[in-house]
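Trainee: One structure, as structure tokens, below. Some questions next.
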Amino acid sequence: MSQIQIINQTLPSWVASELAHAPSHTRDLIMKELSDMGWTLTAIADAAKLTRERVRQVCARLQLLGVGDIPTGLPLPTPPMKPEKPKPEYVEPSQWVLERLLELQPFAQRVRSSSPKFRKEAEEYTALIHHAHTVEGVPLYRLAKRLGVTHGALRFRLARYGYLESSGTSDVYAPVTDANRYGR
């Protein structure tokens, strides 16, 4: 597993003492070496009693001159590290479900009021959304991104077609009546 830097680094006091008592050229080389090791500019600046910008300028100047690769011979501490967080794995809908949803979507979005037009497609579309969410475990947010709608629109559709409990007392979230269902 790779490692990443910890923020709020603090150099040991003996390094700060070494920076305070070293001649300016040696101090600059120590600062460049610490920077190359992975210490933050803030940690180096605090120990050297300089600004971060000044430390950055010194390191950049030494880099340009090619002098920064000369080791100082001091046993400098390595910066504290913590393990990198693993990248989250997102659950995606299966290919056939996504293709069918994209095929049905234009029809399902055209259903209006009590019109029977496109009602069958709308019910299949909603059933596939419910299948992808519950059986395949796809979060509504991820599914909404794939379909180009908001997750609230999917939640609304699931509530209207009776797959989710209504989240309020509004008539908008009232389930579609049986008279408006396909084949009834």
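Trainee: When the stretch 68-80 is examined, which residues are found to be modelled with pLDDT under 75 and loosely packed, with under 14 Cβ neighbours inside 10 Å?
Mentor: ASP69, ILE70, PRO71, GLY73
Trainee: Just wondering, is there one or more residues in the stretch 28-36 that are on the phi < 0 side of the Ramachandran plot and part of a loop (DSSP other than H, G, I, E, B)?
Mentor: No, there is no match, as no residue in the stretch 28-36 is on the phi < 0 side of the Ramachandran plot and part of a loop (DSSP other than H, G, I, E, B).
Per-residue answers, yes or no, for (1) at pLDDT below 95; (2) surrounded by 11 or more Cβ atoms within 10 Å (Cβ to Cβ); (3) under 30 Å from THR40 (Cα atoms):
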position: LEU65; (1), (2), (3): yes, no, yes
position: GLU84; (1), (2), (3): yes, no, yes
position: GLU89; (1), (2), (3): yes, no, no
position: ARG110; (1), (2), (3): yes, yes, no
position: GLU123; (1), (2), (3): yes, yes, no
position: TYR161; (1), (2), (3): yes, yes, no
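Trainee: Here's something else I'd like to know. Quick check on my filter: what residues within the stretch 74-112 are part of a helix (DSSP H, G or I) and in contact with a Phe, Trp or Tyr (Cβ under 7 Å, 6 or more places away or on another chain)?
Mentor: Of everything in the stretch 74-112, those that are part of a helix (DSSP H, G or I) and in contact with a Phe, Trp or Tyr (Cβ under 7 Å, 6 or more places away or on another chain) turn out to be LEU101, LEU104, GLN105, PHE107, ALA108.
Trainee: I need a count of the residues in the stretch 113-166 that are among the acidic types (Asp, Glu) and assigned to a loop (DSSP other than H, G, I, E, B).
Mentor: Total meeting the criteria: 2.
Trainee: To continue, here is another question. Could you check the stretch 120-150 and list, in sequence order, the residues that are among the hydroxyl-bearing types (Ser, Thr, Tyr) and under 15 Å from VAL91 (Cβ atoms)?
Mentor: THR134, TYR141, listed by residue number.
The values are calculated or read from the model by the stated rules, or taken from the named source; none is laboratory data. These figures come from a predicted structure and were not determined experimentally. FYI the Cβ positions are ideal-geometry reconstructions off the backbone, even for glycines, and counts take in every protein chain you see.
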